[in-house]
Structure formats: structure tokens, C-alpha cells
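These notes are about the structure you will find just below.
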Amino acid sequence: MRTLALAFLLAACAPKVHPEMSPFDEDDPRAGEPVKEKRPTWDELPIAPPATPGAREGTIERTALVATLDAGPGKLLEQFEVTAELEGERFVGWRLVAVDPGVHTFDGVDLVPGDVLVAINGRSIARPDELQAVWDQLRTAPEIVADVKRGDGKLQLRWTVTGG
């Protein structure tokens, strides 16, 4: 009896001798051609209008910048709530969800929830090693340029680094 049950179980798990074609094996010809939506490149995006009366450029003292860098990325990033922004499965940048209301570091800057940070000084910060490379480069950078996507447009936040 056990032999019969085992033979039945093995037969049930075996592939079909005459597999029928599944309706999912070929595309429905009524559907037409696949849509191949071309997304605009960064350079093709229009300049986004200001969302606030905040500035898009300014200056930062090197001593203040170095103090921020010495505190580490975690100290700066704890001021923000962000989430990864994806287009399909492709990482685009970091979407700003909220800014800590008790922190006023970015008051007066045209930065609002929904903005997506794409790059800093032309470099992605998608992975921790990329963030560290940008972080290290900022010590001697003459300026900080943040590429931001806002809706269907783009903008740059630019701070010139002054002082020694």
C-alpha cells in the first residue's frame, strides 16, 4: 500500500506528458505594441519654479562646514526623514518626507517635502560608499551643489564655501 501511495505521489509531482499552452505563454495580439515611454534626461527637465520664498544659493563658512563634516553624516541626516525614490526598479534619489521641526539649519532654503535629492556636486549618494566619498570630498570643495528634482522639474541649491 505504501508503495502504491509513493508511486501516486511521485506521478502527481512529475511534469505533464502533454502540456497545454497557457494563455500567458504568448501576448494577446489585441493589446498592440508595448508602450516604450521615454523619460526625459536630467538635462531635458525644465527648471522648477520656487516652492517657497527661500533661497537657492548662498554661502557657508568653511569652519561651519568642517564642523558639520566632523560630526558625521548621521548627525546631519537625523534632521530629515527621507525615503528612496524609484522609477520602476531604478533608484532616482532620496525623497524628502519631513524636516525635524526643532532644527532650523535649512530655514530660508527653497527645500520642501516631496523634493528628491538626486546628487551632490554631481555625484550620486545612493549607496553608503557613495555618500562617504561625497562627504570626504566636501572638506576641500569650493562649493556645494545639490541637484534636486521637484515634480516634473529640477533645481539646484548652491552654496559657495568661504573662508580658510
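Given the structure, is residue 86 outside any loop (DSSP other than H, G, I, E, B), open to solvent by less than 30 Å² (accessible area, probe 1.4 Å) and out of contact with any helix residue (DSSP H, G or I) (no Cβ under 9 Å at 6 or more places or on another chain)? Explain how you work it out, then say what you get.
Working: outside any loop (DSSP other than H, G, I, E, B): yes; open to solvent by less than 30 Å² (accessible area, probe 1.4 Å): no; out of contact with any helix residue (DSSP H, G or I) (no Cβ under 9 Å at 6 or more places or on another chain): yes.
In short, no.
Scanning segment 116-137 for residues that are surrounded by fewer than 17 Cβ atoms within 10 Å (Cβ to Cβ) and in a loop (DSSP other than H, G, I, E, B) gives 121, 122, 126, 127. Screening residue 107 on (1) closer than 17 Å to residue 73 by Cα; (2) open to solvent by 40 Å² or more (accessible area, probe 1.4 Å); (3) over 19 Å from the mean Cα position of the chain (by Cα) shows it passes everything except condition (1). Here is the figure for segment 35-49: residues that are open to solvent by 50 Å² or more (accessible area, probe 1.4 Å) and either modelled with pLDDT of 90 or more or among the small types (Gly, Ala, Ser) (or both) total 3.
Of all the listed residues (63, 140, 68), the sole one being open to solvent by 40 Å² or more (accessible area, probe 1.4 Å), touching a residue at least 24 places away in the same chain (Cβ under 8 Å) and not in a strand (DSSP E or B) is 63.
The values are calculated or read from the model by the stated rules, or taken from the named source; none is laboratory data. Source: prediction; values computed, not measured. Cβ: placed from backbone, ideal geometry, glycine included. Neighbour counts: every protein chain shown. We work out accessible area using only protein heavy atoms, side chains counted, and drop any ligands, DNA or RNA first. Shrake-Rupley method; radii C 1.70, N 1.55, O 1.52, S 1.80 Å.
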